[in-house]
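*Asks:* There's a structure below that I have some questions on.
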């Protein structure tokens, strides 16, 4: 009996433990399963408006002279004086004396022919007096005779000869004056000296090159452009000017110009077309516009009316842009670029009122998916 009692107690303890466990399981609180909140992608947007845009072309070109002349002597002689800036790189104002050729011989020659002209005019005046006498004598004898006799009696041949001598003497004076004037060589325009061939003490001969000058009133830029881009360039005519251009020099210095001409041929290498851009007063304010410089040329091309423009980074795969519709959903719009450069794309498209351009990225792109603008509360 004593051996059974502990067994009964053990069974009762086990049964109580099992009963307690069953009660705990039966009375434990139930967990309520909740649906996690929906995560709406957040985007950044910018307005997009239809307006007029200009094609802007980034090209390269070389600065060249618009006008170059080789200065030549018209008379011979020793050079006795030169302009203080008669040196390569010197700038000489228009109509300024560049150099002076010894003029003593030409002054003497002028005085000689002036004397001859004075003598010829005196002889002509004397002959005019004789004409009056001959006319009166001819009238006294009754004006008889044929036409030849009349001319001889009236001294017509002598008059013509005196007139011819006076004209010849006058022409010699004019030539001597011209030669004397030519001993002073002047700048035909605001000039930059690019080459000097003579100096004081040198002998100038007729048609010999004295030096080379470039007109500084304007320079040209010869610009290379792909043939398929010519459609965006405004060429000048009687009704309009050419496209405006910005020339970017070394060091970032800028000056303005205008397209004035399309050259007739293509480059030998590269087969690109060539434009001429004109820079007015290129050396204004002592600007360092150097001939033969290779420069960047930004040309403002033709206007593209009623179009849209986006940054290239906002132009998505498959020729599309992302728009946020008025109902806060994604609209993937296919577009066809009209014009583009390294930064912008211009196109025409049907964009509804209230739609905005999405400027941020999306990890998943599904047409019609709901979106939330950064900074706005989730709906």
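The values are calculated or read from the model by the stated rules, or taken from the named source; none is laboratory data. Remember, predicted model here, so these are calculated numbers, not experimental data. All Cβ positions, glycine included, derive from the backbone under ideal geometry; neighbour counts span all protein chains shown.
*Asks:* Would a scan of the stretch 321-331 turn up a residue that is part of a strand (DSSP E or B) and over 30 Å from residue 48 (Cα atoms)?
*Replies:* no
*Asks:* Moving to a separate point now. Hey, among 211, 270, 257, 252, which residue is under 11 Å from the mean Cα position of the chain (by Cα) and either surrounded by 12 or more Cβ atoms within 10 Å (Cβ to Cβ) or at pLDDT below 95 (or both)?
*Replies:* On the way: 211 fails: under 11 Å from the mean Cα position of the chain (by Cα); 270 fails: under 11 Å from the mean Cα position of the chain (by Cα); 252 fails: under 11 Å from the mean Cα position of the chain (by Cα).
That would be 257, the only listed residue that is under 11 Å from the mean Cα position of the chain (by Cα) and either surrounded by 12 or more Cβ atoms within 10 Å (Cβ to Cβ) or at pLDDT below 95 (or both).
*Asks:* Condition test on residue 275, is it in a strand (DSSP E or B) and closer than 23 Å to residue 221 by Cβ?
*Replies:* Working: in a strand (DSSP E or B): yes; closer than 23 Å to residue 221 by Cβ: yes.
Against the criterion (in a strand (DSSP E or B) and closer than 23 Å to residue 221 by Cβ), residue 275 qualifies.
*Asks:* Which count do you get for residues in the stretch 332-345 that are surrounded by 12 or more Cβ atoms within 10 Å (Cβ to Cβ), touching a strand residue (DSSP E or B) at 6+ places or on another chain (Cβ under 6 Å) and not in a loop (DSSP other than H, G, I, E, B)?
*Replies:* 7
*Asks:* For residue 292, all conditions in the list (1) within 30 Å of residue 212 (Cα to Cα); (2) in contact with a helix residue (DSSP H, G or I) (Cβ under 9 Å, 6 or more places away or on another chain) hold save one; what is the number of the exception?
*Replies:* With respect to (1) within 30 Å of residue 212 (Cα to Cα); (2) in contact with a helix residue (DSSP H, G or I) (Cβ under 9 Å, 6 or more places away or on another chain), residue 292 is out only on (2).
*Asks:* Let me confirm something: among 287, 245, which residue is touching a residue at least 24 places away in the same chain (Cβ under 8 Å), in contact with a strand residue (DSSP E or B) (Cβ under 7 Å, 6 or more places away or on another chain) and under 22 Å from residue 55 (Cα atoms)? Break it down stepwise before answering.
*Replies:* Details: 287 fails: under 22 Å from residue 55 (Cα atoms).
The unique qualifying residue is 245.
*Asks:* Now for a different question. Within the stretch 159-206, track down each residue that is closer than 28 Å to residue 89 by Cβ and free of Cβ contacts under 8 Å to residues at least 12 places away in the same chain.
*Replies:* Listed by number, the list is empty, since nothing qualifies.
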